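Worksheet: one structure, shown below.
Quick note: the coordinates plus some simple rules give every number you see, no bench work behind them. Please read these numbers as outputs of a predicted model, since none were measured by experiment. Heads up, the Cβs are rebuilt from the backbone with ideal geometry, glycines too, and the neighbour counts pull from every protein chain shown.
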Amino acid sequence: MRNLARRHAIAVPFLLLVFAASTLAQTSSFEGDVKDENGQPLAGALIKIERKDIKGNYQVKTNRKGHYFHAGLPLGQYKLSLEVDGKVLDFADNVRTKFGETEKVDFNLAEIKARQTAAAAGVQLTQEQARQMTPEQRRQIEESTKKRQAELGKNKALNDAFNTGMEAMRVKNWEAALEAFTKGAELDQKQHVIWANMAEAQTQMALGKPLNEQQAMVGKAMEHYVKAIELKPDEAAYHNNYGLALARSGKYPEAQAELTKAAQLDPPNAGRYFFNLGAILVNTGKGEEAYEAFKKAIEATPNYADAHYQIGVYLLSKAQITPEGKVTPAPGTVEAFQKYLELNPAGPYAESAKGSIQALSVSVQTEFSTKPQKKTRK
C-alpha cells in the first residue's frame, strides 16, 4: 500500500506537467517594432489586438525601444491596429496565429506616409497597400486623388502623360519619365505636379551621368522646380527638393534658404530637411557647412539620432594631436556619440560610435597617466 501511494504521489506532478504543456501549446503571441516617420523607435504607441473569429480584445504599448510583445493569446484570427494620440494610423488584418509561435507584425509610419504620398500623386496602390490602410486613410487618399485628377482636368492626353511618367518613375526609368512629363507640360503648363516630377526625374537621371554632364541637367531641373514653386509656393516638398538641387550645384546659401522654407512650411519634418542638406554637403566635402546643417536638424528634432552621430564624426575630425602623439578630442565629441547610442542603440552606426568612444577614452586616460605626478611629503 505504501509503495502504491508513493507511485501515485510521483504520478500526480507528471500529470500536472502534461496538462500545463498542453495548455501552453494552445496559446500564441504577437510582437513587433514600431517606427516613426524618421525611422526612429516610437515609444508609447498603443497596439490594439482584436480577435475576429471569437470576440476578444487585448492591447499593449510599445516600450522605449518601440517594441511590443503580448503573450498568452488564444489561437485564432486577429486584427492589429496601431493607435497614436487616439488616432488609428495603420493596421494589419486577418493575421492567424500558430501553435506556440510568435507572430511578428511591424508598423512603420514612414511607409504609411509614402503610401499616402504616392496615392495623392496619382500612383495606383496595390491591393496589399490598400489593405493596410484604415478606412479614414483610404477616404483621404480617394479625396486627394480626385482633387489631383480635377487639377489635371478632363484632358485624357494629359492624364495619360502624367500616369505614364509616374509609372516610369516607379521602375526608375528616368528618361521615359522625363519624356512623359515633358509631354504633359507641353499640354498644360499650369500643373505644378508635372513640373515637380519632371524636375525629380531629371535630377535622378543626372546622377547617372558623367560629372561634366551633370551640372547642365541639374540646372535644368532647378528651372522646373522654380516653375513648380511658382504654381504652388506652399508645398514643402518642392522647396526641399529644390534646395537639394541647389546644394548639388554648390549654391549653399540658396540651398539653406530653401530648406529653411521647407522647414517653416512643414515643422514636423524640419529635422529631415536639414539632415538631407547635411548629407549632401558631406558628400561634396563641405564639412563646416554640413556641421551647421546637422545642428539645425537637431534644433528642429532633438532626438534625430543620425544627426547626433554625424556631429560626432565632424567633431572627431577636429581632435588635436600633440607632438607626442596624444589626442585631445574637441568638446562634445563623446557626448554626440553617446547621444546617438542612447537614441538608437542598435542602429547602423552603433559599433562605429562605440569604437570612437572607446578610442577617445583610452586616449584621454593615457594622456592623464603620462603626466608627471607631484611628490608629497609626509
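Quick one: order ARG51, ARG64 by neighbouring beta-carbon count within 10 Å, fewest to most. Mind showing how you got there, number by number?
Values: ARG51 17, ARG64 9.
Listed from fewest to most nearby Cβ atoms, that is ARG64, ARG51.
Where the centre of each part is set by its Cα atoms, how far does the stretch 278-298 sit from the stretch 190-216, in angstrom?
Computed from Cα coordinates, the inter-centre distance equals 23 Å.
For the stretch 215-251, which chymotrypsin sites (Phe, Trp or Tyr not before Pro) pass both filters: DSSP loop (anything but H, G, I, E, B) and at most 16 other C-beta atoms within 10 Å?
Working: sites: TYR225, TYR238, TYR242; in loops: none.
Qualifying residues, ordered by number: none.
List, in the order given, every pair from LYS209/LYS318; LYS232/LYS339; LYS87/LYS295; LYS65/LYS87; LYS183/LYS232 whose Cα-Cα distance in the structure shown is over 29 Å.
Values: LYS209/LYS318 34 Å; LYS232/LYS339 38 Å; LYS87/LYS295 32 Å; LYS65/LYS87 21 Å; LYS183/LYS232 20 Å.
Listed pairs above 29 Å: LYS209/LYS318; LYS232/LYS339; LYS87/LYS295.
If we count every other residue with Cβ under 12 angstrom of TYR238's Cβ, Lys/Arg +1 and Asp/Glu -1, where does the sum land? Present the calculation step by step, with values, prior to reporting the outcome.
Working: positive: LYS227, LYS232, LYS261; negative: GLU200, GLU230, ASP234, GLU235, GLU258, ASP266.
Net charge in that neighbourhood comes out at -3.
Sorted by average packing, counted as other Cβ atoms within 10 angstrom per residue and highest first, what order do 259-267, 325-333 take? Mind showing how you got there, number by number?
Numbers: 259-267: 19.4, 325-333: 14.9.
My ranking of the peptides, most packed first, is 259-267, 325-333.
Once the other residues with Cβ under 12 Å from the Cβ of VAL218 are scored (Lys, Arg +1; Asp, Glu -1), what is the net sum?
On the way: positive: LYS209, LYS220, ARG248, LYS251; negative: GLU200, GLU213, GLU223.
Around VAL218, the charge tally is +1.
Largest first and in whole Å, what are the equivalent-ellipsoid semi-axes of the stretch 236-323 based on the Cα gyration tensor, each being the root of 5 times an eigenvalue?
Values for the stretch 236-323, descending: 24, 15, 8 Å.
Can you give the Kirkwood hydrodynamic radius for the stretch 27-112, in Å, rounded to one decimal and based on Cα pairs?
Numbers: mean 1/r = 0.0781 Å⁻¹.
For the stretch 27-112, inverting the mean 1/r across all distinct Cα pairs yields 12.8 Å.
If you take the Cα atoms of the stretch 303-369, find Rg, then find the Kirkwood Rh from the mean of 1/r over all pairs, what is Rg/Rh? Could the numbers behind the result be given before it?
Details: Rg = 12.1 Å, Rh = 12.0 Å.
A ratio of 1.01.
Let me check I've understood the local charge: for GLY165, count other residues with C-beta under 13 angstrom from its C-beta, Lys and Arg +1, Asp and Glu -1. What total comes out? List each step's numbers first, then the result.
On the way: positive: ARG170, LYS172, LYS183; negative: ASP160, GLU167, GLU175, GLU179, GLU186, GLU200.
In short, -3.
Give the cross-link partners of LYS190 among the aspartates and glutamates, using a straight C-alpha distance below 13 Å as the criterion and excluding same-chain residues fewer than 8 apart.
GLU151, GLU230
In the stretch 172-240, what trypsin sites (Lys or Arg not before Pro) fall in a loop by DSSP, with at most 13 other Cβ atoms inside 10 Å?
LYS172, LYS190
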